[in-house]
Every structure is written in C-alpha cells, then in structure tokens.
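Some notes on the structure that comes next.
The values are calculated or read from the model by the stated rules, or taken from the named source; none is laboratory data. Note that the structure is predicted; figures quoted are calculated from it, not measured. Here the Cβ is made from the backbone with ideal geometry for all residues, glycine too, and neighbour counts use every protein chain on show. SASA here: full protein model, heavy atoms, side chains in, ligands and nucleic acids out. Shrake-Rupley method; radii C 1.70, N 1.55, O 1.52, S 1.80 Å.
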Amino acid sequence: MFAPRLYFRARPTTTAVLRRCLGSTADAQTLDARLKADLKAAMKAKDKVRLPVIKGILSDILYAEKNLAGGASFSRGSDADVAAIFQRAIRRRNDSIESFVGGGREDLAETERAKLAILQDYLPTQLTVEQIEERANQVIQQLGVTGSKAMGAVMRDIGINPTEAPKAKIAEVVKRLLASSA
C-alpha cells in the first residue's frame, strides 16, 4: 500500500485578503470602525455599561444611513456625519441628566453621566466658547460684516469641523457676536 499524496495548493495573496487580515489603515481611523472594534471588545468583556451605549450609537448610525429623508446624505465612513450623531446622543444624555436631577433621581443621573462619559471619549476635544468666539471674530473682521443678515456668510466661512463643536453652539456664538456688532 502506498500513502495518499497530499497536495497543498497555495492561495494567491490579494490585496483584499491582506486588508481583511491586517486591517486597513484608513478604516482603522474612522469612528465607525472604532465603534465596531469596541463593540466586540465590550461583548467579550461583558461590559454592562459600555455595551448598550455602543449598540445604541451603532443603531443610530444605521438608522441615519437608511432614513434619507429630505434628500440628506449620510456616509458611515465620514467622521463628520458620525460625529453629528454622537453630538445628538450627547445632547439627549444631557437632557436626561437634567430631567433626572430635577426629578430627584440622582441614581439614574449617575448612570446617564457614565454613559455620557463613554460617548465623549469618541469625539475629539471640543472647542470652548472662547475659541469659537475667536474664530468667529476673525471671520467677521475678515468679511467686514455686521448685523444678523450676515450670519450665513460667517457660518459658511468659519470652517469649524462638526467633530470639534456642535453647529448649534457655533450658530449661537455667531448670532450673539453679530447682534452685538450691529
């Protein structure tokens, strides 16, 4: 009797296989990829606080991706779009904390604060009101405008990334500065 021959066929290594095995450097940078990696880590660690927060954000991202009402576009790979979802979730948590403190439920407020801290870990350091005012004053002086009618031009030229500060906060500062200059 003879032993059967084992033939090993070498698989050609493609760039797609390498990306899958090694991980793409571009994907590792996005908030979405970081969320998915953290979801996997939280599931393995059975983290009862982090896991529902990450699942909730991923659910919000999926909803925004599928619900394109009003012709709005959303890209999962765009950190600016994902950051807007994070800021919405942070605003909801802050509102919940205020409601719980107002209702005398400090225990629930503490859990919301823990969830808020998890959400804030994903965003870069937010600009302070003073930093936004400084940039807005530069743009206002550069354009030479006054009055609230120039708000659109100032907002267009201010150039603050949505991951650095919420648009509502920027608009509030610009409106206040233009009203005081008029």
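General observations
- Any pair with Cβ under 6 angstrom, 6 or more apart, that starts in the stretch 153-171 at a residue that is under 18 Å from Pro124 (Cβ atoms) and ends at one that is of a type in the set (S, T, N, Q) and not in a loop (DSSP other than H, G, I, E, B): Pro166/Gln87
- Filter result for Phe86 (open to solvent by less than 50 Å² (accessible area, probe 1.4 Å) and either part of a loop (DSSP other than H, G, I, E, B) or under 19 Å from Lys48 (Cα atoms) (or both)): no
- The residue that is most open to solvent (accessible area, probe 1.4 Å), among those in the stretch 115-167 that are over 26 Å from Ile90 (Cβ atoms) and among the hydrophobic types (A, V, I, L, M, F, W, C), is Leu143.
- Residues that are touching a helix residue (DSSP H, G or I) at 6+ places or on another chain (Cβ under 9 Å), surrounded by fewer than 18 Cβ atoms within 10 Å (Cβ to Cβ) and in a helix (DSSP H, G or I) within the stretch 69-83 are absent altogether.
- Of residues in the stretch 40-68 being over 23 Å from Thr163 (Cβ atoms) and open to solvent by 70 Å² or more (accessible area, probe 1.4 Å), the one nearest to the chain's Cα centre (by Cα): Lys40
- Output for the stretch 37-51, where each listed residue is assigned to a helix (DSSP H, G or I) and touching a residue at least 60 places away in the same chain (Cβ under 8 Å): Arg50
- Of all the numbered requirements in (1) open to solvent by 40 Å² or more (accessible area, probe 1.4 Å); (2) on the phi > 0 side of the Ramachandran plot, Ala179 misses one, and that requirement is (2).
- The single condition among (1) assigned to a loop (DSSP other than H, G, I, E, B); (2) within 14 Å of Glu164 (Cβ to Cβ) that Gly104 does not meet is (2).
- The set of residues in the stretch 139-175 being over 25 Å from Ala83 (Cα atoms) and part of a helix (DSSP H, G or I) consists of Ile140, Gln141, Gln142, Leu143, Ser148, Lys149, Ala150.
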